[in-house]
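I have placed the structure first, in the form of structure tokens, so that the comments after it can refer back to it.
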Amino acid sequence: MNFEMSTEQEMLRKTVRQFVDEEIIPYIAKWDADGGFDAKIWSRLAELGLMGVCVPEQYGGSGMDYNALAIVCEELERGDTAFRTAVSVHTGLNSMTLMQWGTEEQKQRYLVPQAKGVRIGAFGLTEPGAGSDVAAMSTTAVRDGDHYILNGQKTWISLCDIADHFLVFAYTDKSKKHHGISAFIVERSMAGFTSKAIKGKYGIRAGNTGELFFEDLRVPVENRLGEEGEGFKIAMSALDNGRFTVAAGAVGLIQACIEASVKYCHERETFGKPIGEHQLVGQMIANMEAGYQMSRLLVYRVGELKNKGVRNTRETSLAKWQACDFANKAADDAVQIHGAYGYSDEYPVARYLRNSKAPVIYEGTREIHTIMQADYVLGRRRDKPLSKMLPKWPFEE
């Protein structure tokens with residue numbers, strides 16, 4: 001076992017941290033209040049090679065390993081969850097799914113421009129009546145010659161008004177339930193596609209989230225990802241990648257809570273001494289550090305399994321569940337340490353707390369992951385081999 005980062009990984013961390021310190025943190029309070037960030041951030045992410053950091057060079061990416069993606073997500077969320085979410089959706093849920101399941105033609109047409117940051121990808125699974133219960137979705141795709149006709153709606157879709165390409169899941173045969181779901185690559189420019197942002201979110205206010213609508217939208221057969229009926233397997237494998245990035249981001253949020261709280265502990269005095277010298281405040285700091293270290297190990301373990309081409313659904317579920325819970329608790333404690341000031345926008349910890357709640361819910365609630373882990377331990381759940389896996393790292397031409 002090697003717990004050290006490579007020189008390349010450390011350079012990547014330094015680059016992303018500097019980017020966050022200089023181009024996100026000074027402006028995030030305003031972006032959060034305004035409900036959107038400067039679109040120039042997209043071009044900067046592309047210039048730094050962060051939109052396809054773990055995509056093979058032959059497909060326009062940087063060719064780094066999967067833990068490089070974890071590092072990027074960790075450092076971006078240290079700035080704000082909205083930026084990690086953007087990379088999670090674009091890279092984790094969309095591009096990595098194309099890497100795993102796409103044909104060569106689909107990779108050339110969609111993965112290459114996404115990895116270069118020329119186009120932005122998103123993911124459409126959740127519906128108003130179908131969240132954790134994926135089989136309850138109502139979106140349909142009916143074959144009509146060399147096209148499918150999509151009708152339906154998706155909600156809580158990140159990058160809904162920004163993305164160029166969407167991975168959309170719909171029933172091609174509802175009588176087969178999970179086995180009747182198929183996956184499609186939908187372009188924003190296709191007739192019958194519309195999107196609408198959701199306003200008034202509790203957290204991640206700088207990020208774009210909303211609804212997608214499909215009205216007699218014609219998708220070419222060649223835009224189907226995988227075979228008919230493979231959609232559920234594709235969606236679940238995509239969530240393995242998305243949950244990995246969410247967990248990595250949670251590590252970054254814990255780090256942000258530690259940094260803000262330690263700084264305040266050295267500035268604020270009560271009863272004649274710095275508040276960090278009060279034992280119960282010290283306990284909260286210690287718990288943050290414990291959560292940070294444990295979460296980080298769980299995340300990088302998943303990254304190494306991905307590097308080896310090993311299925312990691314169980315390990316990813318545990319990392320996502322624990323890291324997001326630790327981050328939510330760290331943010332809550334950070335507000336407590338800041339006292340009344342923590343309840344205002346004068347310090348960033350209130351934003352951390354608001355942002356920390358959504359990851360506990362999306363891509364599998366803590367309750368879903370608790371049940372999954374229990375089922376694994378009790379022998380009620382076993383993961384079957386997938387017909388296609390992510391490419392091992394180092395990548396081969």
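The values are calculated or read from the model by the stated rules, or taken from the named source; none is laboratory data. Bear in mind that the values here come from a model prediction, so they are computed numbers and not experimental data. With ideal geometry, Cβ positions are generated from the backbone for all residues, glycine too; neighbour counts draw on all protein chains shown. Surface accessibility is based on the protein's heavy atoms, side chains included, excluding ligands, DNA and RNA. Shrake-Rupley method; radii C 1.70, N 1.55, O 1.52, S 1.80 Å.
Summing charges over neighbours of Glu397, with a neighbour being any other residue whose Cβ is under 14 Å away from its Cβ, gives -1 when K and R count +1 and D and E count -1. Were the residues from Met236 through Ala39 laid out at 0.36 nm apart, the gain over their Cα-Cα distance would be 67.9 nm.
Axis of helix 366-378 versus longest Cα principal axis of the chain: the two differ by about 80°, to the nearest ten degrees. Build a GNM of the chain with springs between Cα atoms under 10 Å apart, and of Ser237, Ser158, Ser138 the one that fluctuates most is Ser138.
For Ser62, nonlocal amide neighbours, meaning residues 5 or more places apart or on other chains whose placed amide H falls under 5 Å from its own, are Gly52, Val53, Cys54, Val55. Remark: for residue pairs Lys40/Lys329; Lys154/Lys201; Lys174/Lys306; Lys263/Lys320; Lys308/Lys384, the C-alpha separation exceeds 21 Å in Lys40/Lys329; Lys174/Lys306; Lys263/Lys320.
Taking chymotrypsin sites (Phe, Trp or Tyr not before Pro) as exposed when DSSP calls them loop and at most 10 other C-beta atoms lie within 10 angstrom, the chain has its longest site-free stretch at 4-201.
Radius of gyration over Kirkwood radius for region 81-173, both on Cα atoms: the Rg/Rh ratio is 0.98.
Once you place label points 7 Å from the Cα toward the Cβ at Glu267 and Ala290, how far apart are they in nm? Here the modelled spin labels are 2.8 nm apart.
For helix 349-361, report the angle its Cα long axis makes with the longest principal axis of the Cα atoms of the chain; keep it between 0 and 90° and round to the nearest 10°. Between helix and principal axis, roughly 40 degrees.
Derived scalar couplings between HN and Hα for region 255-270 equal 4, 4, 5, 5, 4, 5, 6, 5, 4, 5, 4, 7, 8, 9, 10, 9 Hz in order, rounded to whole Hz, by the Karplus curve 6.51 cos²θ - 1.76 cosθ + 1.60 (θ = phi - 60°), x for Gly and Pro.
From the alpha carbon centroid of region 335-363 to that of region 44-90 is 24 Å. Would you mind checking the tilt of helix 313-338 against the longest principal axis of the Cα atoms of the chain, expressed as 0 to 90 degrees and rounded to 10? Around 40 degrees separate the two axes. Between the beta carbons of Val142 and Ala46, assuming R0 = 45 Å, the FRET efficiency works out to 0.75 to the nearest 0.05.
Relative contact order of the chain: 17 percent, from C-alpha pairs under 8 Å at least 6 residues apart in sequence. Karplus-based coupling profile of region 220-231, in residue order and whole Hz: x, 4, 5, 8, 6, 9, x, 8, 4, x, 8, x, with θ = phi - 60° in 6.51 cos²θ - 1.76 cosθ + 1.60 and x standing for Gly or Pro.
When Rg and Dmax of the Cα atoms in Å is calculated for this entry, the matching label among [x] 20.9, 79; [y] 20.6, 64; [z] 23.3, 84 is [x]. Annotation: per residue accessible area for the chain equals 44 Å², rounded to a whole number [probe 1.4 Å, protein chains only]. Build a GNM of the chain with springs between Cα atoms under 10 Å apart, and of Thr370, Thr15, Thr270 the one that fluctuates most is Thr270. Based on C-alpha pairs under 8 angstrom that are at least 6 apart in sequence, region 320-396 has a relative contact order of 27 percent. Which one, Asp32, Asp383, Asp161, has the greatest fluctuation when you compute a Gaussian network model over the chain with C-alpha springs under 10 angstrom? Top of the fluctuation ranking is Asp383.
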